[in-house]
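One structure below.
Any read-out appearing in this document is the output of simple, stated calculations on the displayed coordinates, not a laboratory observation. On a predicted model such as this, the values are computed, not experimentally measured, just so you know. We place every Cβ from the backbone using ideal geometry, glycine too, and count neighbours over all the protein chains shown.
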Amino acid sequence: MKMRYIHGGVRLVAATYRAGAFQLGGGLMMTAWFSAGCSSFVAAYLLRDEIDRIVYIDVANQHPDSWRFLKDCEEALGKRIEILRDVKWGGCIDNVIEGKRYVNGPAGAPCTLELKKRVRQEWERQFTEPITYVWGYDAGERKRAERLEAGMVEFSHRFPLIERGMTKADVHGLCQQLGIKRPVMYDMGYPNNNCIGCVKGGMGYWNAIRRDFPEVFKRRARQEREIGHSCIKGVFLDELEPGRGRMDEVMPECSFACLGM
Ligand code: SF4
């Protein structure tokens with residue numbers, strides 16, 4: 001994909017600025033964060049006539065079908081999605097894990113900070129006008145939405161799925177009605193379209209990754225041993241019994257959990 005320019009440590013991979021969509025120093029810019037998941041797409045879709053910008057922070061470890069989904073969403077939205085990617089770590093969670101020598105733990109996941117939060121903050125610095133963010137939290141995620149609002153008081157926020165009482169099932173139903181094929185990770189049984197081998201996954205998740213993406217499983221298991229810390233509390237991946245865990249374990253969608261606070 002063609003690179004347009006680099007803003008600070010963040011690379012803007014592709015973007016279309018609609019002339020007059022916002023004015024520096026005045027007005028209020030409404031920006032939807034797209035995560036390449038169904039919920040963030042539907043949130044943006046519901047407010048498509050009010051939104052000025054839709055932004056996606058790409059991480060190299062996402063399933064390549066995310067690009068197909070993004071293009072389909074752009075078509076349904078009638079708008080381009082701005083794509084940002086971290087430059088320092090090449091947008092890659094393996095580089096962050098190995099460079100920081102930290103996988104995940106009480107202090108959080110370094111990939112969250114380096115590849116999402118820092119990228120968002122650098123992007124925000126170019127604006128002086130007030131920003132309203134649009135998020136894809138659904139009716140079952142009110143508490144998470146409240147925590148995000150409390151942690152990002154400098155912005156105003158919209159939660160169109162919560163405003164309409166929409167559940168995850170409603171979101172997937174709407175994607176289907178619109179004729180948009182959801183990202184393949186959902187069809188494989190994963191609860192979201194996070195990175196393949198997300199460090200926030202539980203036992204059931206990691207057993208599925210071992211089955212579907214054995215190379216990713218082996219790499220993460222090696223990284224855990226080299227660093228001396230596991231993704232899953234108390235269990236190293238190379239000791240995880242194949243039958244353990246369930247796929248309905250709670251695992252937040254990356255963009256929402258990682259971008260805020
Ligand atoms: S999806 Fe998981 S692995 Fe990827 S950036 Fe977010 S927390 Fe890190």
Any idea what angle helix 203-212 forms with the longest principal axis of the chain, computed on alpha-carbon atoms, 0 to 90 degrees, nearest 10? 90 degrees
Inter-label distance, nm, simple model (7 Å from Cα along the C-beta direction), E124/E241: 4.5 nm
Within segment 210-240, name every residue whose backbone N is under 15 Å away from a label modeled 7 Å from Cα of M188 along the Cβ vector. 210-220
Mind checking the angle between helix 142-151 and the chain's longest principal axis? C-alpha axes, 0 to 90 degrees, to the nearest 10. 70 degrees
I'd like the distance separating the alpha-carbon centroids of segment 43-84 and segment 228-245, in whole Å. 34 Å
Pairing the Cα long axis of helix 214-227 with the longest principal axis of the chain, what angle in degrees results, from 0 to 90 and rounded to the nearest 10? 80 degrees
Which lysines have a Cα lying under 30 Å from the Cα of K88, excluding residues fewer than 8 positions away in the same chain? K2, K71, K79, K100, K116, K117, K200, K218, K233
Cα gyration tensor of segment 5-184, axes a ≥ b ≥ c as square roots of the eigenvalues: rounded (a/c below 1.5), prolate (a/b > b/c) or oblate? rounded
Segment 108-169: Cα Rg divided by the 2.2 N^0.38 Å rule of thumb: 1.26
Return a whole-number percent for the relative contact order of the chain, with Cα pairs under 8 Å and 6 or more residues apart as the contact set. 23 percent
Run the simple label-point estimate for A107 and E163 please: 7 Å along Cα→C-beta, distance reported in nm. 3.9 nm
Once both label points are put 7 Å beyond Cα along the C-beta direction, the W67-Q176 separation in nm becomes 2.9 nm
At R0 = 25 Å, how high is the FRET efficiency between F213 and R147 if r is their beta carbon distance? Nearest 0.05 is fine. 0.25
Fully extended contour minus Cα-Cα distance, from L47 to A60, at 0.36 nm per residue: 1.9 nm
Along the charge dipole of segment 156-228, which of Y186, I196, I227 sits closest to the positive end, that is, farthest toward it, with unit charges on the beta carbon of Lys, Arg, Asp and Glu (+1, +1, -1, -1)? I227
